[in-house]
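The structure appears below as C-alpha cells.
We did not get these values from a lab; they are worked out from the coordinates using the rules stated. Bear in mind that the values here come from a model prediction, so they are computed numbers and not experimental data. Because the Cβ atoms are built from the backbone with ideal geometry, glycine has one as well, and the counts that use them run over all protein chains shown.
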Protein chains: 2
Amino acid sequence: MNAHFANPKAWSPGGIAFRSEADPVAVLSSLDKGGQHPTVTYAANCEIYAQGERASALYRLSFGTVRLYRLLADGRRQISAFCVAGEVFGFEADAEHHFFAEAICAAGIRVYRKPLDGETAALLLPVALKALVRAQEHLLVIGRQSASERVAAFLIDMMERQGAPPTLELAMPRSDIADYLGLTIETVSRTFSKFRERGLLRLHGARTVEIVKAEALRQLSK
Amino acid sequence: MNAHFANPKAWSPGGIAFRSEADPVAVLSSLDKGGQHPTVTYAANCEIYAQGERASALYRLSFGTVRLYRLLADGRRQISAFCVAGEVFGFEADAEHHFFAEAICAAGIRVYRKPLDGETAALLLPVALKALVRAQEHLLVIGRQSASERVAAFLIDMMERQGAPPTLELAMPRSDIADYLGLTIETVSRTFSKFRERGLLRLHGARTVEIVKAEALRQLSK
DNA sequence: CGCCTCATTGATTCTACTCAATTCGGGTGG
DNA sequence: CCACCCGAATTGAGTAGAATCAATGAGGCG
C-alpha cells in the first residue's frame, strides 16, 4: 500500500525519527510476501492469547474490536489498549505474551506465524513506537486526570479513531471502559449521565453515543 | 558487546518474538560505527529536549538519572519513565518529541545524531518493545493499585534496576515519585512513613532507603 | 550560622468507590 | 406481537482513601 516503506531509507531522510505514520498495511504486505495466512474469526469474548503463553504470531485485525489487558492476582484488571480494524498487535519484547488479548465483539483476525525477518522487524518499529506513545499518553490520562476528563478523553479518542462521525458505536461494555480508564462502571455511567444532562452528548442505547458538543469534550480532555 | 545482535536472524530463531533481552549496548555499538559522538554532561534539572521539539537524535545515558514526562495545560505532570545508566531514550514515532526529558541529577549523555539506518532501526525494535511493556505495566500500577501498592512497586522496581542492593539511593525528590505514581508528595511521604513504622524499610536521609523486608514489599506490589 | 528547599505531619475536604436497589434493553419463546 | 427473562446499565446513599490546605521540621549549601 504505502510504497514509502518499501525503501528503508525513506523512514528518516534527515533525522533519527520516522517521518511516516506507522503503517500496519506495510507490515501486512511484508508479512504476506510469499505465503498464505489464515484469517480466523473469533466470537465475542473469545481469548486470542493469554499472558504467559508463548508469543508465536503477529495479529492483524480485519474487523471487530479487541481488548489487551493485564490482571492483578486478585482479579483487578487494566485494559491497556483497544485495537480496531487495521491495527496490528501481539508483538512482544521476548518469547512470552505479557498480556491477554480478547475479542470484544465478533472479530476477524489474520494470523502471521512466520518467523520475523529483519525487514519486517524494521517495518514493525514505527508501529511499536506509535503504541508506545499511545501508552505513555494514556498514563497521563490515568495518572493525572479526573473521572470526567478521562471519559471525555476516551470519547474523543474513539471518535477520532472512527473518523469523527457524529454518532459513535462503542463496541465495549461499561466494564471495559472502566478498566481502560482506571474507574468503576458506576463512575463511568454517572459521568455519561452528567455529560448527557449538560447536553454534551445523547445516548441512543447504552453503546450508541451521539456526540453533540465535541469541542467542549475535547476541551475537557486536555 | 552482544554478538547475538550482529546477526538479525538471531533475534527470532523460531518464532515471531525476540528471544534476547533488549540490549542498548548493541544499539550503541551500531550507532557508534564509523563516527565519533559527543558525550554531553547535563546539570541537575537541565532540559535535554522538550515536547514539540524536532526529534533529531538518540540519547544513551552514561551516568545519572533522567525523567521523561508530559504536561497538561494547567501544569499537572505525569512522569512516564525514569532512565538510568545504560538506557537509551529519545526515539519517537514521528519527527517530533512527544515528551520532555530532563536530567534529575548530573547526567552524562552520549548523543547520536546520525540518521537511522535500517540495521539500527531493527536493533532498536527490542528496546522499543521493552519500553512498551514497561509503560503498559505501569498503566496497571497507576490505574488499579492503591497508594501503598504503587509506592511498594516503585521501590521494588528501583531496587531491582540497581541490582537489588540492601540500601537504595533515590536520585529523585518526592515530587518526581509522586508524579511518576499519580499521587501527591504528601501521600508518598505518608506511605514512606507508614512503611517505616511497619518495619519494612529504614530512611537514612530522605533519599537513602534501606529495604528491610523486600519480600513483604514485593508481595504488596502484586 | 542562617537561609531555603524539600520533606513530614496534621486537619479537613472531596472525589470516586462500595454496596444496594431499580430500570433498561436486547433476545427468546409462547 | 407481546410477555418474560437476564445481563447490563443507571441511580442512590453512605464511606473510604487520597487530595488539599496549612503548619512544622530537617538537611544541604553558601
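Rounded to the nearest 20 debye, the dipole size of the stretch A:46-203 about its Cα centre is 460 debye, using +1 on the Cβ of Lys and Arg and -1 on the Cβ of Asp and Glu. Annotation: the residues B:Lys222, A:Lys114, sorted from fewest to most other C-beta atoms within 10 Å of their own C-beta, follow the order B:Lys222, A:Lys114. Starting from the label point of A:Glu215 at 7 Å along Cα→Cβ, the same points in the other copies fall at 6.2 nm, in ascending order.
Just the number, please: Stokes-Einstein D of the stretch A:106-157 in µm²/s, Kirkwood Rh from C-alpha pairs, 10 °C, 1.306 mPa s. Calculated translational D: 115 µm²/s.
Exposure proxy shown here: for A:Asp74, A:Asp157, A:Asp176, the number of other Cβ atoms within 10 Å sets the order, fewest to most, as A:Asp74, A:Asp157, A:Asp176.
Mean partner shielding of peptide A:80-93, defined as the number of other chain Cβ atoms within 10 Å of each residue Cβ, is 3.
Distances between equivalent label points of B:Gly86 across the copies, with each point positioned 7 Å along Cα→Cβ, amount to 4.0 nm, shortest listed first. Averaged over peptide B:96-102, the number of partner chain Cβ atoms lying within 10 Å of each residue's Cβ comes to 2.
The alpha carbon convex hull volume per residue for the stretch B:174-222 rounds to 75 Å³. Only Lys, Arg, Asp and Glu carry charge here, each on its Cβ (+1 for the first two, -1 for the last two); on that basis the stretch B:35-77 has a dipole of about 140 debye about its Cα centre. Charge dipole of the stretch A:38-138 (Cα centre as origin; +1 on each Lys and Arg Cβ, -1 on each Asp and Glu Cβ, all else neutral): 200 debye, rounded to the nearest 20. By the Kirkwood approach, averaging reciprocal distances over each pair of separate Cα atoms, the stretch A:37-113 gets a hydrodynamic radius of 12.4 Å.
Taking the label point 7 Å along Cα→Cβ, A:Ser62 and its counterparts in the other copies are spaced 5.4 nm apart, in ascending order. The Kirkwood hydrodynamic radius of the stretch B:70-126, based on inverse pair distances between different Cα atoms, is 13.8 Å. Remark: mean inter-chain Cβ contacts per residue of B:68-75 equal 3, using a 10 Å Cβ-Cβ cutoff to other protein chain atoms. Taking every alpha-carbon pair within the stretch B:84-222, the share separated by more than 23 Å comes to 42 percent. Here's the picture: charge each Lys and Arg Cβ at +1 and each Asp and Glu Cβ at -1 in the stretch A:85-148, and of A:Leu116, A:Phe91, A:Ala131 the one pushed furthest to the positive end of that dipole is A:Ala131. Residue order for B:Tyr49, B:Tyr180, fewest other beta carbons within 10 angstrom first, comes to B:Tyr49, B:Tyr180.
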